[in-house]
Amino acid sequence: MTASDNGSRPLIVAENLTCGYELERERKLLTALVDITLTVHEGEFLVLVGPSGCGKTTFINVIAGLVKPWEGTITFEGKPIQGTGPNRAMVFQDYAIMPWRTVQQNVLLPFELRDHGISKDETQRRARAMISDVGLGGFEDSYPHELSGGMRQRVGIARAMVTQPKVLLADEPFGALDAMTREVLQGQLETLVMNAGQTVVFITHSIDEAIALGDRVAVISHRPGTIREIVEVDIPRPRLAEGEITGHPKHGELREHLWSLVKDEAFGAKDVAVDEGAEA
Amino acid sequence: MTQTPVKKTDGTGIESQPRLRDANWTWARIWTRYRYGIITVINLTVFFLLWQWFATSGRVNPLVFPKFTDVLRSLKIGWLGGGNLEGFNNRMLADFVIVQNFWETLKIYSVAMVIAIGAGIPIGLAMGGSKWVDAILSPYVWTLSSLPRIAIYPILLLFLGIGTQIKYAIILSTAIFPVIINTWAGVKTTEQSLINAARVFGAKRRDIYRKVVLPYTLPFVVSGVQLSLSRGLIGVVLAEFLSGATRLGGIGWLVFRSAAAFNAPLTYASLLSLAVFALVLVQGTRSMEARIAPWRQVTTT
């Protein structure tokens, strides 16, 4: 599973990417990312970790095609990314599932919005299978307001994976969940991703989550974000299926190293923390 | 990865409530089940008994505060007809007078409400969806909606004169703005992350409207309609107060004129009829809200 620079096909290539967003109220442009050069390889689980407001979300939005880069290039399988596409799907921090749709209808949404060349019956069948894969079998006809936060995010994951996209983008998907639910979902996500050989770009601000899930962890500095270091996580999978990953001999060392990188950034970010919320 | 498909174990609040199912009725059970109904019945009985007692005690002029039994009698004559008016205050009172005026009010009110809702929703959607439409219409919408509507009555009077048209104008001017503003607010506050999600999964502009913005706005529209129905009711009664009709001026007209003619029982009877109608209307729209958008309770005023 550990796909790094050795051999695996590059899927997403960002070169000297600079990007930002406009603060509408203050009518000014804010640079979120500067000069990012990064490659996502096929089948790898890449985690981006960094202080809040460092531009992680902007980066994932660029990959998704929601945001256009200001400078530099970003390609998917060699072609420049222009807008969203069926090869990329996303899981959102606030779930972003439609409250007026049942679980089944939410998971069917990607098929309604894009023609994936699959018959209606087949989409229904796939949605149901995906729902049971994320552990929501029996809840197909429930509405989101009847589900707990963890279950809602399972819907989000099912919706993203049901079309079997090349890349799964996840923007702090477990950030809003309680610690226990988060661990359960991390384990389930690992299993899902391993089974599907899914390429993932995953944002978090939790070092433990980064180590638990990532093949590589890219540490991003505070805004404007640059890549400080990319750390390989050389711990065999499955890491979460049975018991504690924290017991692994390499875990402590990795954690300390990542923490030392992130700590500087977190403290450095203090002075810009004022407009932290703007990223959302 | 596997989870039993039994709904009861997940702590999601889906599990069914324990039900009273055996026939083992006791007074305690009847009480727990129907207490609100019982309390309401007792409450209202006491209220009307006190009314009757107060009105007959001689402490208050019956021209101002009639006996409840006289009100009931007026209600019967006004709704069902066939009343013996002998020895009873019969100014303005005639067989079926309430039901006829009520029907008159209902006709105008419902037509005006259909127009207000039918025009208000598209206007609100257009204002929410297009910055241009918003920029052009918002000064008028916000000014008119903030202005006490009665202030434009003299101008309406100049234009439309006394008659049915001015009634429609007043009802429309009171009822349309809650619909417009709530619909606009729904479109404007549609969660960006839902729109982003739809875009990621391939939504074009049209899909975003159909699959995200419109369903998101629906509960806002419903509460706008709810508000507009009660505003419209104010409008219709107000319009009838000001109308110069000599007969069949509507229920508001009847309240106003019967009071002017010192027929207090009829005034109270008309008012009670109006109150019951308003109550049914508001409760009806509440249940409509719960049915249309069960996922959400929106309160926007």
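The values are calculated or read from the model by the stated rules, or taken from the named source; none is laboratory data. Being a predicted model, the structure only gives us computed values, none of them experimental. Note that each Cβ is placed from the backbone with ideal geometry, even for glycine, and that neighbours are counted across all protein chains shown. Ligands, DNA and RNA are stripped out before the accessible areas are found, and what is left, the full protein with its side chains, is counted by its heavy atoms. Shrake-Rupley method; radii C 1.70, N 1.55, O 1.52, S 1.80 Å.
What do you get for Rg/Rh of the protein assembly as shown when both radii come from the Cα atoms and Rh is the Kirkwood radius?
Using Cα coordinates only, the ratio equals 1.13.
List for the stretch B:255-297: residues with 20 Å² or greater reduction in accessible area, all protein chains versus chain alone, probe 1.4 Å?
Going by heavy-atom accessible area, the residues of the stretch B:255-297 that drop by at least 20 Å² are B:Pro294, B:Trp295.
Can you return the lysines within cross-link range of A:Lys68? Criterion is Cα-Cα under 22 Å, with same-chain partners fewer than 8 residues away left out.
Counting by Cα, and skipping residues close in sequence, A:Lys68 has these lysines nearby: A:Lys28, A:Lys56, A:Lys79, A:Lys166, B:Lys204.
Local charge sum around A:Leu109 (other residues, Cβ-Cβ under 9 Å, Lys/Arg +1, Asp/Glu -1)?
Once all neighbours under 9 Å are counted, the net charge is +2.
Accessible area per residue of chain A at 1.4 Å probe, in Å²?
Counting only protein heavy atoms, the per-residue value for chain A is 43 Å².
List the trypsin sites (Lys or Arg not before Pro) within the stretch A:77-158 that fall in a DSSP loop (any state other than H, G, I, E or B) and whose Cβ has at most 11 other Cβ atoms within 10 Å.
The qualifying sites: there are none.
Which loop-located GluC sites (Glu not before Pro) does the stretch A:17-109 contain, where loop means any DSSP state but H, G, I, E or B and the Cβ has at most 11 other Cβ atoms within 10 Å?
Sparse-neighbourhood loop GluC sites (Glu not before Pro): A:Glu24, A:Glu26.
Shape of the stretch A:186-230 from its Cα gyration tensor (a ≥ b ≥ c, root eigenvalues): rounded if a/c is under 1.5, otherwise prolate when a/b > b/c, or oblate?
prolate
So, with a 1.4 angstrom probe, what is the percent of accessible area on the stretch B:25-78 that is carbon and sulfur?
Heavy-atom surface of the stretch B:25-78 belonging to carbon and sulfur, 1.4 Å probe: 71 percent.
Counting only other chains, and only Cβ atoms inside 10 Å, what mean value do you get across the residues of A:91-102?
Mean shielding by partner chains, rounded to a whole number: 5.
Work out, step by step, the length gained on full extension between B:Ser138 and B:Asn84: first 0.36 nm times the residue separation, then minus their alpha carbon distance; give nm to one decimal.
13.8 nm
Lys and Arg at +1, Asp and Glu at -1: add these up for the other residues within a Cβ distance under 13 Å of A:Leu168 and post the number.
So the environment of A:Leu168 carries a net charge of -1.
Which of the lysines could a cross-linker bridge to B:Lys167, judged by Cα under 30 Å and excluding same-chain residues fewer than eight apart?
The reachable lysines, counting only those whose Cα sits under 30 Å from B:Lys167, are B:Lys76, B:Lys107.
How much accessible area does B:Trp103 have with a 1.4 Å probe, in Å² rounded to the nearest 10?
150
Rolling a 1.4 angstrom probe over the protein heavy atoms, how many square angstrom per residue are accessible across the stretch B:97-292?
46
Mind ranking A:Glu15, B:Glu289 by accessible surface for me, highest first, 1.4 Å probe?
A:Glu15, B:Glu289
Normalised radius of gyration for chain A, please: alpha carbon Rg relative to 2.2 N^0.38 Å, two decimal places.
Computed over Cα atoms of chain A, the ratio equals 0.98.
Between chains B and A, what is the buried accessible area summed over both chains (1.4 Å probe, protein heavy atoms, nearest 100 Å²)?
Summing both chains' loss of accessible area gives about 2700 Å².
Please report the carbon-and-sulfur percent of the accessible area for the stretch B:97-292; probe 1.4 Å, protein heavy atoms only, DNA, RNA and ligands left out.
Solvent-exposed carbon and sulfur of the stretch B:97-292 make up 72 percent of the total.
Starting from the amide H of A:Met90, placed 1.01 Å from N in the peptide plane, find each other amide H under 5 Å away whose residue is 5 or more places distant or on another chain.
A:Leu169
Once ligands and nucleic acids are excluded and a 1.4 Å probe is used, how much of A:Met151 is accessible, expressed in Å² to the nearest 10?
In the full protein context, A:Met151 sits at about 10 Å².
Looking at the square roots a ≥ b ≥ c of the eigenvalues of the Cα gyration tensor of the stretch A:105-200, which shape do they give, rounded for a/c under 1.5, prolate if a/b is larger than b/c, or oblate?
oblate
When only Cα pairs under 8 Å and 6 or more residues apart are kept, what is the percent relative contact order across the stretch A:101-218?
That works out to 26 percent.
Which percent of the accessible area of the stretch A:117-196 is formed by carbon and sulfur heavy atoms (probe 1.4 angstrom)?
Exposed carbon and sulfur together represent 46 percent of the surface.
Determine the distance separating the Cα centre of the stretch B:87-113 from the Cα centre of the stretch B:138-175; give it in Å without decimals.
Comparing the Cα centres of the stretch B:87-113 and the stretch B:138-175, I get a distance of 24 Å.
With a probe of 1.4 Å, find how much accessible area the stretch B:25-78 has per residue, and write the answer as a whole number in Å².
Per-residue accessible area for the stretch B:25-78 comes out at 75 Å².
Got a sec to turn the phi values of the stretch A:24-30 into Karplus ³J(HN,Hα) couplings, 6.51 cos²θ - 1.76 cosθ + 1.60 with θ = phi - 60°, whole Hz, x for Gly and Pro?
Per-residue couplings from phi come out as 5, 5, 8, 6, 9, 8, 10 Hz.
So for the stretch B:97-292, what percent of the C-alpha to C-alpha distances run longer than 21 Å?
Roughly 57 percent, once rounded to a whole number.
Could you tell me the distance between the Cα centroids of the stretch A:116-132 and the stretch B:234-301, to the nearest Å?
Using only Cα atoms, the two centres lie 52 Å from each other.
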